[in-house]
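Take a look at the structure set out below.
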Amino acid sequence: MTRDIIDINDFTILVEKGNAEVTTVDSCLFDEPVIAIAFYGSGNVHLQVKYEDNQKSFIQTKGLALSFYADEKVEFVHTVSASKPLECIVIATSTSNLDQLPNMEGELFGEMLHELVHPKDHYVEGPSFFMTPQIQSIVDQVFHTQYEGKAKMMFFRSQMTSLLAHFFGQLSMMPEETIPKDEREKLLEAKEILTSNLDAPPTLSELSRKIGLNTFKLKKNFKELFGVPVFKYLQNERLNKAHELIRNREASIQEAAWNVGYDSLSSFSNAFAKKFGFRPSATRTK
């Protein structure tokens with residue numbers, strides 16, 4: 001488990017990364033009341049939020065952006081395993097610092113996270129959504145940067161500003177919640193099915209039957225919930241996985257393409273370059 005703690009103006013940034021062969025439980029608390037936004041990378045790590053006799057669990061955390069208020073009595077517990085590693089960025093500020101935040105950030109918090117600025121309990125959950133590909137890309141870069149020392153800290157600072165800007169920008173465009181809870185659970189199941197079958201994903205009709213939701217609702221509500229159409233999400237996940245395999249030298253370029261369902265190396269290379277801005281062969285030097 002690694003933790004980098006960075007102070008930027010009146011924000012405290014916590015960058016946590018953990019991977020364990022044996023299931024490991026890790027918990028943390030804040031030493032003062034904070035308003036925070038957590039961004040979860042790959043891994044679908046299990047999160048439990050505990051305070052007094054209350055408890056809330058988050059199972060599908062991959063790609064989740066979650067805002068909340070928490071005081072000293074709230075415990076955040078992650079269950080980390082080899083199949084569900086932890087990648088979490090938390091951007092937090094003390095409630096006493098809101099009026100001192102630069103660039104009108106305090107006003108943004110007050111206007112868009114009103115229930116967190118004026119909490120009615122030890123833990124108050126604010127707006128949450130699954131990150132757009134642009135936000136997810138920033139999170140991925142933070143966890144996979146090769147910078148070290150002062151350059152790494154400078155890079156982190158720049159990315160945190162971008163994350164906050166994207167979060168509030170996305171929040172301002174969010175429609176009112178229109179997807180019933182049972183349908184949201186089916187869409188989360190669809191997302192998990194796609195992620196687990198990158199090499200041979202089901203067709204839209206097959207996926208619709210598996211989750212018990214008609215094709216029209218699947219396409220419409222998947223895009224509303226996750227910000228991208230079904231197969232755009234699939235393509236992003238395929239290319240992200242291939243990038244990881246090549247970067248970590250776990251597979252050759254050809255093997256990575258096959259592992260994520262590409263039969264044509266040229267099609268894979270073109271899609272890869274369009275997403276990342278460089279060819280797969282340049283990955284190991286990045």
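Couple of notes before you dig in:
- Separation of alpha-carbon centers, the stretch 29-54 and the stretch 219-286, rounded to whole Å: 30 Å
- Range in the chain, longest, excluding exposed GluC sites (Glu not before Pro) [loop by DSSP; at most 12 other beta-carbon atoms within 10 Å]: 53-147
- The stretch 167-286: relative contact order in percent, alpha carbon pairs under 8 Å with at least 6 residues between: 21 percent
- What the Cα convex hull of the stretch 154-286 gives, in volume per residue, is 131 Å³.
- Residues of the stretch 112-146 falling in the label zone of Lys232, defined by backbone nitrogen less than 17 Å from a point 7 Å along Cα to beta-carbon, are 130-138.
- Rounded to the nearest 20 debye, the dipole magnitude of the chain is 1600 debye, with +1 charges on Lys and Arg beta carbons, -1 on Asp and Glu beta carbons, and the Cα centre as origin.
- Projecting the Cα atoms of Pro119, Asn44, Ser208 onto the charge dipole of the chain (Cβ charges, centred on the Cα centre) puts Ser208 farthest toward the positive pole.
- Dipole magnitude of the stretch 107-243, debye to nearest 20 (Cβ charges: Lys/Arg +1, Asp/Glu -1, about Cα centre): 520 debye
- In sequence order, the stretch 64-81 has phi-based couplings of 7, 10, 10, 9, 6, 10, 8, 9, 5, 8, 9, 10, 10, 10, 10, 9, 9, 8 Hz under the Karplus curve 6.51 cos²θ - 1.76 cosθ + 1.60, θ = phi - 60°, and Gly or Pro positions carry x.
- Toward the positive end of the charge dipole of the stretch 181-285, with +1 on the Cβ of Lys and Arg and -1 on the Cβ of Asp and Glu, the farthest Cα among Leu234, Asn221, Leu245 is that of Asn221.
- Using the Cβ-Cβ distance between Asp263 and Leu204 with R0 set to 25 Å, the FRET efficiency works out to roughly 0.80.
- From the largest down, the stretch 2-173 spans 44, 43, 30 angstrom on the principal axes of its Cα atoms.
- Calculated FRET value between Glu255 and Glu21, using beta carbons and R₀ = 25 Å, to 0.05: 0.60
- Amide H within-cut-off set for Tyr123, under 5 Å, with H built and near neighbours excluded: none
- Contour excess over end-to-end distance, with Cα ends at Ser172 and Ile5 and 0.36 nm allotted per residue: 57.3 nm
- Taking label points 7 Å from Cα along the Cα-to-Cβ direction, Glu148 and Ala165 give a separation of 3.0 nm.
- Restricting attention to the stretch 2-173, the count of lysine pairs at 8 or more positions apart or across chains with alpha carbons under 17 Å apart stands at 9.
- Summing +1 for each Lys or Arg and -1 for each Asp or Glu among the other residues whose beta-carbon sits under 11 angstrom from that of Glu32 gives -3.
Computed from the coordinates by the stated procedures, all read-outs in this text should not be read as laboratory data. These numbers were taken from a predicted model, which means no experiment stands behind them. With ideal geometry, Cβ positions are generated from the backbone for all residues, glycine too; neighbour counts draw on all protein chains shown.
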